[in-house]
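Participant: After the structure tokens below, expect a handful of questions from me.
What follows draws every value from the coordinates through simple rules; no lab data is involved. Bear in mind that the values here come from a model prediction, so they are computed numbers and not experimental data. For neighbour counting, all protein chains shown are included, and Cβ atoms are generated from backbone atoms with ideal geometry for every residue, glycine included.
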Amino acid sequence: MPTAGHLAVARPFLERGVHVLVEKPMAASLAEADGMLAVAARTGATLAVGHTERFNPAVQAALPILRTPRFIEVHRLSGFPERSLDIDVVFDVMIHDLDVILAVDSSDVAGVEAIGVPVLTPKVDIANARVTFQSGCIANITASRISRDKVRKMRFFQPDMYASIDCAAQELEVWRLEPVPGDRPRIAGGPVPVAPAEPLQQELADFVDAVRTGRAPRVPGTAGRRALALATRVHEAMGR
């Protein structure tokens, strides 16, 4: 379903207290996202947002150790999809990585610089954004839906540690600087064991468990709204 229809479909269910899992981006605008959140808060309905990359087992394995990243580099490249063409690549593709980055760094966004180019559609098909956080962390994110090769990689650099995630292969590598008494520090690490799993299946299981137990889903409506807000800032920084 086109993003423009999310609110119209979700609202009647939320109004009746029916729990809803809505695809990303959660709405066509922040005002519509706020409308969903307001109804869910009033009726007590669980509202989750389908940011499936958060359920990627490699991402899940990395999140607990990503405490103080100072630089994040992301490349998410894919071929032309012939779907979701009602929105540009920022809301269609980059928003996956914006959500993960926001889960890693919870500080406020201090600044956004971005450039985007429409190539095969009237919408932006390839984009790059540089996001600066109040914590001092800087994220450089490239997203494309017109590339020949499929790449879904995230790299995190923090003091004494480097982590690399291949989202497509569900692989994680972690390297650390370890002190050696009487000698120079050594670099140690390598691949981290990751049990493969289907992110969409994990997402659905999390939503069902959240509904049954009354806990918050892993990606609640507030997280979806925050990702949408940052995607909107990237879109605006491109002058679109």
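Participant: Please give the charge dipole size of the range 3-237, origin at the Cα centre, charges +1 on K and R Cβ atoms and -1 on D and E Cβ atoms. Round to the nearest 20 debye.
Facilitator: The dipole magnitude comes to about 240 debye.
Participant: Is there a quick way to get the dipole size of the range 102-227? I mean about its Cα centre, with the Cβ of Lys and Arg at +1 and of Asp and Glu at -1; what is the value in debye to the nearest 20?
Facilitator: 300
Participant: How are the alpha carbon pair distances in the range 32-143 distributed across 5 Å bins from zero to the largest one, expressed in percent?
Facilitator: All Cα pairs considered, the percentages come to 2, 10, 18, 18, 19, 17, 11, 4, 0.
Participant: Just subtract the alpha-carbon distance of residue 187 and residue 216 from 0.36 nm times their residue separation and send over the number in nm, one decimal.
Facilitator: Full extension of this stretch gives 6.6 nm more.
Participant: Okay, next question. So which GluC sites (Glu not before Pro) in the range 19-91 end up in coil per DSSP with only 14 or fewer other C-beta atoms within 10 Å?
Facilitator: Counting only loop positions with at most 14 other Cβ atoms within 10 Å, the GluC sites (Glu not before Pro) in the range 19-91 are 82.
Participant: Quick one: which residues, 5 or more positions from residue 119 or on another chain, have an amide H under 5 Å from its amide H? H modelled 1.01 Å from N in the peptide plane, none for Pro or chain starts.
Facilitator: 125, 126
Participant: Picking from 181, 69, 12, which is most flexible by a Gaussian network model of the chain using Cα springs under 10 Å?
Facilitator: 181
Participant: Say the dipole of the chain comes from +1 at the beta carbon of Lys and Arg and -1 at that of Asp and Glu; which of 94, 222, 167 then lies farthest toward its positive end?
Facilitator: Ranked along the dipole, the leading option is 222.
Participant: Calculated FRET efficiency, residue 150 and residue 9, Cβ-Cβ r, R0 35 Å, to nearest 0.05?
Facilitator: 0.70
Participant: Between 208, 146, 115, whose Cα lies farthest towards the positive end of the dipole of the chain when Lys and Arg beta carbons carry +1 and Asp and Glu beta carbons carry -1, centred on the Cα centre?
Facilitator: So the residue furthest toward the plus end is 208.
Participant: If you don't mind, another one. Using label points projected 7 Å from each Cα along Cα→Cβ, tell me how many nm separate residue 236 and residue 119, to one decimal.
Facilitator: 2.8
Participant: Here is a follow-up. If you take the beta carbon distance between residue 43 and residue 177 as r and set R0 to 51 Å, what does 1/(1 + (r/R0)^6) give as a FRET efficiency, to the nearest 0.05?
Facilitator: 0.50
Participant: Also, I was wondering about something else. Report relative contact order for the chain in percent, whole number only (criteria: Cα-Cα under 8 Å, sequence separation at least 6).
Facilitator: 25
Participant: What angle do you read, to the nearest 10 degrees and between 0 and 90, between the alpha-carbon axis of helix 95-104 and the longest principal axis of the chain?
Facilitator: Between the helix axis and the principal axis of the chain, the angle is about 60 degrees.
Participant: What is the dipole size for the range 158-205, taken about its Cα centre, with +1 at each Lys and Arg Cβ and -1 at each Asp and Glu Cβ, in debye to the nearest 20?
Facilitator: So the dipole magnitude of the range 158-205 works out to roughly 260 debye.
Participant: May I pose another question? Check which residues have an amide H placed less than 5 Å from residue 171's amide H, if you skip close sequence neighbours.
Facilitator: 166
Participant: Given R₀ = 41 Å, what would the calculated FRET efficiency be for residue 86 paired with residue 160, taking r from the Cβ atoms and rounding to 0.05?
Facilitator: 0.40
Participant: Relative to the longest principal axis of the C-alpha atoms of the chain, give the angle of the C-alpha long axis of helix 199-213, reported between 0 and 90° and rounded to the nearest 10°.
Facilitator: 60
Participant: In addition: Mean-square fluctuation check for the chain, GNM, Cα pairs under 10 Å: which of 148, 70, 186 is largest?
Facilitator: 186
Participant: Something else now. In sequence order, what are the phi-derived ³J(HN,Hα) couplings for the range 21-37 according to the Karplus relation 6.51 cos²θ - 1.76 cosθ + 1.60 with θ = phi - 60°, rounded to whole Hz, with x for glycine and proline?
Facilitator: 10, 10, 5, 7, x, 5, 7, 7, 7, 5, 4, 5, 4, 5, x, 4, 4
Participant: Also: Using a 10 angstrom cutoff on alpha carbons, build the Gaussian network for the chain and name the most mobile of 185, 217, 57.
Facilitator: For the chain, modelled as a Gaussian network with Cα springs under 10 Å, the answer is 185.
Participant: Can you say what percent of the DSSP beta bridges in the range 31-157, counting only those with both residues inside, are antiparallel? Round to 5.
Facilitator: 75
Participant: Seen from all sides and averaged, what is the projected area of the convex hull of the Cα atoms in the chain, in nm²?
Facilitator: For the chain, averaging the hull's shadow over all directions gives 14.3 nm².
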